[in-house]
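Each remark here refers to the structure printed beneath this line.
The values are calculated or read from the model by the stated rules, or taken from the named source; none is laboratory data. Owing to the predicted nature of the structure, the values given are computational and were not obtained by experimental measurement. Counting neighbours? That spans all protein chains shown, and the Cβs are built from the backbone with ideal geometry, glycine included.
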Amino acid sequence: MKLQETLPRAPMSASARRLRNLFLMALGLLVLLNAFIYPHHPHFGLERVPGFWSLFGLAGAVILAKGAKGLAHTILGKDENFYEEGSTEEGVEDSRGQGVK
Amino acid sequence: MTDFFHPSLFFVACAAAVWVLPGRLGRWLPPVAAALAIGSVLAMQPGSYTRFNYLGLTLGLGRVDALSMVFAHVFAIQALIGFIFALHVEDRWQHVAACMYIAGAFGCTFAEDYVTLFIFWELMSVASTFLVWLRRVPASTRAGIRYFLFHILGGLLLLAGLLLRHQATGSFAFEATDPAAARFYDTLIMLGFCVNAAVIPLHAWLPDAYPEATVTGAVFMSAFTTKTAVYVLLRAFTGFEILGIMGTLMTIYGVVYATIENNARRILAYHIVSQVGYMVAGVGVGTAMTVNGACAHAYAHILYKGLLFMGAGTLLYAAGTAKLSDLGGLYRRLPWAFLWYMVAAVSISGFPLFSGFISKTMTITGAAEAHHTWLALGMEFAAVGTFLSVGIKLPYFAWFGRPDPGIALKPVPRNMYVAMGIAGFLCFYIGVQPGFLYRLLPNPVEYVPYTSWHVLQSLLLLGFTGLGFYLLRHKLAPEAKINLDFDYVYRMIGRLVLALSRRPVEQIDNWWTEFYNRAGLRGLMKVAGGSVWFDKSAIDGVVDGTAVGVRRIGRTATGAQTGRLQDYLAAAILLGLAVFALVWFTG
């Protein structure tokens, strides 16, 4: 699709890979900590389960991204000129407040 | 009297001075007015000041208590930051509009009765409309008209509610309403407030108009309109359960749109809907803790949202566009703007050490402790979306993402960076010294943000949101599209009215032309021929020169009729204010 054209997936550089591995290790460490640090007065049962909030964050992000993009690609997304021609043309006022468009 | 000097007076005086003084001098006045306002807020003592008796009503312009103080405090600070950010703007009307807008916000904050509140409420909506129009591009003119018409609707709801309420209770007092005893007129007032608080589905004016405002105007607008509405909701409608539900829906609704939007300033506008949702939910749950949370979040939000709009405004100012699909790789060329943007982005996302962490979690924990578990979970879900869209997506595609597309950048005035620096410092300071903010809150604070569990929970939530973005980063690439929202409804209503009224008007016009052609014209020509002869030979000889005089008056009259709606509105409002002032001072 169009996305792949605008964002060529270059092979990962060594430093980027190192950064990614560090990030994943940090996430693992956080979940490990969750086994020892937990709420003393959980607001609901699941909160005591180690890793609950990490799953919540990951699932939330995936559901939101997929769901919102799905909505955008089906009913919400419209051409930029949907309401009127040139309605999203950007014009910046200069410091004297005179619009350029 | 010595304990209270109304901050609005500084801004009204400043607006008048900027109007008459030469531009270069006038620009320096608004920050001075804001500094004076900070001074007057810090010097205030609780009490009721500046009461008038007018037409048998007691109007109170100066109710100072813990609730109005916390909002006045941050309004004054944000006014200073905003005016420093706008220091380079030579268009004096922008400064005048911003001053009147802020004067309105302070007026609402200290209003003791609904009449006073309504006057300042309308002042805000008029002045803020000019902050949109003064961008002076066609898109902003149209968006400004829609914005203004929608706020008139909100104002009318409020007016109807307060008049009906007066009829039923005999009082204009602006006090808390008991949820169990709420009547129809209370609902009307609440709806009027909800328009300004951008409660869905009355919110569409916000993402419609804010991205079309001037670079500096959007910074002001992001701070005052919705937060004044949160203040009045807190004042009158604490504990209305419907607000708890609507607020939570707002938090989610805003982030869904923010995830798919392309324009950076529109993403931020949708995040206002989302963030104000936390405050509205706090009002709705209505415990001491969530009321505190709503106030704290309003305070923190004004600072970081202003900073986000300053960052996105800097992008727009320098690059000439705020569309993510046209930006990328700018962190090397605008490093300071990038840094301050990221401070605001981690603040709004609720990272430990930054201001959102100590305010957002307070509302969520408060809702959970009041056994509104679903509301709390909804707000946590919205927190995921906040970090996903404003914390990662926007910066990724604006500042990193693609390689630098090589846009020519306009140099950024230094005062913009100074303002961002002040706001960024405050976001951090409140994050590490929550006591500074907690001391201002209306209820005693028992909540401790920095426990090992709260910190770990936030890091887990945000860290794995980051992982989610990492996995889906290609799917989230911005697209050059717009998204339908509820403004579709009122845009279409406008078109429908236009189409419906055009048909009969055209029809009547056709009939008239037909009639005129057949019956009137021939006879008229004959009469005209005669009268021309009479006029030329007789009258002009007698009253020579009047024709010239009439033409001159006609030209002046045409000058006043520019055919532009905003000129008429401005003239009507000026006239209205003049009449109002006359009645006020002579009555």
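So which residues in segment B:53-95 are within 14 Å of chain A (Cβ to nearest Cβ) and over 15 Å from residue B:307 (Cα atoms), if there are any at all? Full working, then the answer.
First, the residues of segment B:53-95 that are within 14 Å of chain A (Cβ to nearest Cβ): B:85-95.
Answer for segment B:53-95, where residues must be within 14 Å of chain A (Cβ to nearest Cβ) and over 15 Å from residue B:307 (Cα atoms): B:87, B:88, B:89, B:90, B:91, B:92, B:93, B:94, B:95.
Return the pairs, sorted by first residue and then second, in which the second residue is hydrophobic (A, V, I, L, M, F, W, C) and buried (at least 24 other Cβ atoms within 10 Å of the Cβ), the first residue lies in segment B:186-213 and is on the phi > 0 side of the Ramachandran plot, the beta carbons are less than 7 Å apart, and the residues are 6+ apart or on different chains.
B:198/B:206; B:198/B:272; B:198/B:273; B:198/B:276
Please go through segment B:108-124 and give me each residue that is closer than 10 Å to residue B:60 by Cα and touching a residue at least 60 places away in the same chain (Cβ under 8 Å), ordered by number.
Those that are closer than 10 Å to residue B:60 by Cα and touching a residue at least 60 places away in the same chain (Cβ under 8 Å): B:110, B:111, B:112, B:113, B:114, B:117.
So which helices (runs of 4 or more DSSP H) are wholly in segment B:181-239 and hold at least 3 residues that are within 10 Å of the chain's Cα centre (by Cα) and either under 17 Å from residue B:302 (Cβ atoms) or within 14 Å of chain A (Cβ to nearest Cβ) (or both)?
Output list reads B:215-237.
Considering B:204, B:198, which residue is assigned by TED's automatic domain parsing to the domain that holds residue B:139 and surrounded by fewer than 24 Cβ atoms within 10 Å (Cβ to Cβ)?
After applying the criteria, what remains is B:204.
Yes or no, residue by residue, for (1) away from chain A (no Cβ under 14 Å); (2) in contact (Cβ under 8 Å) with a residue 40 or more places away in the chain:
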residue	(1), (2)
B:368	no, no
B:388	no, yes
B:397	no, yes
B:413	no, yes
B:421	yes, yes
B:432	yes, yes
B:467	no, no
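Being touching a Phe, Trp or Tyr at 6+ places or on another chain (Cβ under 6 Å) and not in a helix (DSSP H, G or I) is the filter here; which residues of segment B:135-176 pass it?
Hits for segment B:135-176 are B:172, B:174.
Which residue pairs have Cβ atoms under 6 Å apart, sit 6 or more places apart or on different chains, and have a first residue in segment A:29-52 that is at the interface with chain B (Cβ under 7 Å from one of its Cβ atoms) and free of Cβ contacts under 8 Å to residues at least 40 places away in the same chain and a second that is of a type in the set (Asp, Glu) and outside any loop (DSSP other than H, G, I, E, B)?
A:39/A:47
Which of the following residues is under 19 Å from residue B:337 (Cα atoms), modelled with pLDDT under 90 and assigned by TED's automatic domain parsing to the domain that holds residue B:295: B:412, B:445, B:418?
Testing whether each residue is under 19 Å from residue B:337 (Cα atoms), modelled with pLDDT under 90 and assigned by TED's automatic domain parsing to the domain that holds residue B:295 leaves just B:412.
Quick check, is residue B:440 part of a helix (DSSP H, G or I) and not small (Gly, Ala, Ser)? Before you say what the answer is, go through the steps one by one.
On the way: part of a helix (DSSP H, G or I): no; not small (Gly, Ala, Ser): yes.
Answer is no for this residue.
If you go through segment B:446-465 one residue at a time, how many are assigned to a helix (DSSP H, G or I), more than 7 Å from every other protein chain (Cβ to nearest Cβ) and more than 32 Å from the chain's Cα centre (by Cα)?
Looking only at that region, the number is 2.
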